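Student: This is the structure, below, for whatever I ask next.
The numbers here are math on the coordinates, done by the rules we state, and not lab data. Quick caveat: nothing in here was measured; it's all calculated off a predicted structure. All Cβ positions, even for glycine, are placed from backbone atoms using ideal geometry, and neighbour counts span all protein chains on display.
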Amino acid sequence: MKDETRMIRLGAAPETLVKTVGPPIQRGSTVLMPNAAALYDDHQVTYGRQGLGVQATLCDALAAMEGASGVTLYPSGLAALTGAMLAVLKAGDEVLVCDTIYKPTRRFCERVLGRFGVTVRFYDPRQSPQALVGEAGPAVRMIVLESPGSLTFEMQDVPAIAALARARGILTLADNTWAAGYLFKPLEHGVDISAQALTKYVGGHSDVFMGSAATRDKGLLDALEAGIIHLGWSVSPDDAYQILRGLRTLPVRLARQGASGLAVAEWLAAHPQVVRLLHPALPCDAGHALWSRDYAGACGLFAIALTPGPQSAVDAFLDALKLFGLGFSWGGFESLAIGCDQQLHCRDHLRDYPGPLIRLHIGLEDPGDLVADLAQALAVYASHAG
Ligand SMILES: Cc1ncc(COP(=O)(O)O)c(C=O)c1O
């Protein structure tokens with residue numbers, strides 16, 4: 001063999017691998033098949049886009065956590081929501097989407113689904129399950145839930161909606177990112193597809209995008225898998241490994257961040273500059289009874305309404321924070337804050353709150369330090385709000 005040929009064959013994958021704690025990260029677009037017959041064998045992995053060992057290991061782990069028979073992976077959380085809808089909706093269908101849905105999911109429903117002949121109606125999540133499902137017309141194919149909403153935290157009676165919808169042959173899809181597939185398990189409560197942004201708590205380190213959709217239904221799993229194949233979506237093995245690494249510490253991070261979040265929220269509840277807490281784990285919250293009934297805990301994401309003040313005072317409060325980063329994501333180890341009012345205008349129902357809304361994500365820092373930071377920033381707010 002000439003050097004050019006030898007060089008192509010150098011460094012090929014070893015026949016066997018030693019056993020490590022995590023799965024090996026195997027990178028590959030081309031998959032070498034053992035023989036000619038295997039090339040067209042649908043039961044074998046023939047191309048890397050379908051995902052290799054580490055992606056399959058992650059799917060199995062997520063399925064075990066969510067009580068699913070199968071899980072599909074997407075390049076982002078948003079793609080999991082849009083992918084699940086694209087996989088099952090068709091022209092002529094109507095989809096009912098909760099008004100508090102993550103804004104880019106709403107944008108997809110408004111700008112993309114309509115082009116494919118799917119009608120979208122945004123419903124008030126405070127509506128009773130009976131009214132929501134009872135008033136659904138014959139074209140309604142799917143109800144999309146997000147409980148609690150990730151900006152204003154209204155709770156929905158997910159089991160009741162899922163049961164009524166199933167009786168009518170309507171599918172339910174839940175964005176379960178707040179509960180991370182761990183604090184609440186939608187499939188155990190009758191939901192057909194449980195989707196989440198693994199980017200948030202499961203990844204846990206604010207450095208990787210991924211989404212998942214989990215189901216117990218064989219027909220739906222086939223549809224979700226076909227949707228991914230048709231759209232050509234793929235997730236990298238390195239990203240899948242990162243998510244799997246995050247999954248192992250999810251319970252301890254959630255326990256700590258949920259407890260710190262509650263401690264900070266309770267302190268805020270007594271602050272004169274705070275008029276309302278939007279946190280379903282607090283007894284004062286309208287969704288508390290549903291949360292206590294269905295959830296095993298809380299994560300570290302909630303919102304507060306401040307005493308009325310101009311946007312300039314809200315900006316001064318945010319700019320005064322030293323330990324909270326200003327950023328749109330959540331679920332990582334670090335504390336974050338955003339103002340929310342700019343995101344409420346697109347809603348059909350839930351726009352009015354008693355004052356400017358701030359969303360806080362409580363990280364793994366010491367909660368006392370976070371409270372001290374909030375105290376000094378609220379003093380700045382008071383001086384600007386007048
Ligand atoms: C509730 C919710 N769902 C979905 C997403 C989308 O996740 P990703 O950023 O991975 O697309 C987000 C992101 O902020 C979110 O907050």
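Student: Go ahead and run the numbers for FRET between LYS19 and ARG166, Cβ-Cβ distance against an R0 of 51 Å, rounding to 0.05.
Tutor: Result of the calculation: an efficiency of 0.75.
Student: At 25 °C and a viscosity of 0.890 mPa s, what translational diffusion coefficient does Stokes-Einstein give for segment 16-112, taking Rh as the Kirkwood radius over Cα pairs? Give it in µm²/s as a whole number.
Tutor: 146 µm²/s
Student: ASP41 to ALA91: extension gain in nm, 0.36 nm per residue of separation minus the Cα-Cα distance?
Tutor: 14.7 nm
Student: Okay, next question. Could you state the angle between the C-alpha long axis of helix 53-66 and the longest principal axis of the C-alpha atoms of the chain, as a value from 0 to 90 degrees rounded to the nearest 10?
Tutor: 40 degrees
Student: Another one. Of GLY77, GLY181, GLY327, which has the largest mean-square fluctuation in a 10 Å C-alpha GNM of the chain?
Tutor: Highest fluctuation among the options: GLY327.
Student: Okay, next question. What percent antiparallel are the DSSP beta bridges of segment 52-244, to the nearest 5?
Tutor: Among the beta bridges of segment 52-244, antiparallel pairing accounts for roughly 40 percent.
Student: Continuing with this model, one more query. Which of these, SER312, SER194, SER260, has the largest mean-square fluctuation under a Gaussian network model of the chain (Cα springs below 10 Å)?
Tutor: Evaluated over the chain, the most mobile residue of the options is SER312.
Student: Against the 2.2 N^0.38 Å scaling, with N counting residues, where does segment 284-386 land? I'd like the Cα-based Rg ratio to two decimal places.
Tutor: Compared with the compact-globule rule of thumb, segment 284-386 sits at 1.13.
Student: Now, a different point. Where the centroid of each part is defined by its Cα atoms, how far is segment 330-344 from segment 195-244 in Å?
Tutor: 23 Å
Student: If you line up the Cα atoms of segment 52-244 on their principal axes, what length do they span on each, largest first, in Å?
Tutor: Result for segment 52-244: principal-axis Cα extents of 45, 32, 29 Å.
Student: How big is the Rg/Rh ratio for segment 1-70, C-alpha atoms only, Rh by Kirkwood, two decimals?
Tutor: 1.07
Student: Also, quick follow-up: Determine the shape class of the chain: with a ≥ b ≥ c the square roots of the Cα gyration tensor eigenvalues, call it rounded for a/c under 1.5, and otherwise prolate if a/b is greater than b/c, oblate otherwise.
Tutor: Cα axes put the chain in the oblate bin.
Student: Indicate the gyration tensor shape class of segment 305-363 (rounded, prolate or oblate), computed on the Cα atoms with a ≥ b ≥ c the square roots of the eigenvalues: a/c under 1.5 is rounded; otherwise a/b larger than b/c is prolate and the rest oblate.
Tutor: oblate
Student: If you don't mind, another one. Modelling each spin label as a point 7 Å along the Cα-to-Cβ direction, I'd like the HIS288/SER128 distance in nm, to one decimal.
Tutor: Output for this residue pair reads 2.3 nm.
Student: Here's a follow-up. Nearest 10 degrees is fine. How inclined is helix 218-231 to the longest principal axis of the chain, computing both from alpha carbons?
Tutor: Helix 218-231 sits at roughly 80 degrees to that axis.
Student: Sort 26-36, 373-383 by the packing proxy (mean of other Cβ within 10 Å over each peptide's residues), most packed first.
Tutor: Per-residue mean Cβ counts within 10 Å order the peptides as 373-383, 26-36.
Student: Among DSSP beta bridges whose residues both lie in segment 249-385, state the antiparallel percentage, nearest 5.
Tutor: That works out to approximately 85 percent antiparallel.
Student: Given the rule -39500 (n - 2.57) for each run of at least 4 DSSP H residues, summed and divided by the residues of the chain, what is its mean residue ellipticity at 222 nm, to the nearest 500 deg cm²/dmol?
Tutor: The per-residue figure over the chain is -11500 deg cm²/dmol.
Student: Moving to a separate point now. Considering only the chain, what is the antiparallel percent among its DSSP beta bridges, to the nearest 5?
Tutor: Of all bridge pairs located within the chain, approximately 55 percent are antiparallel.
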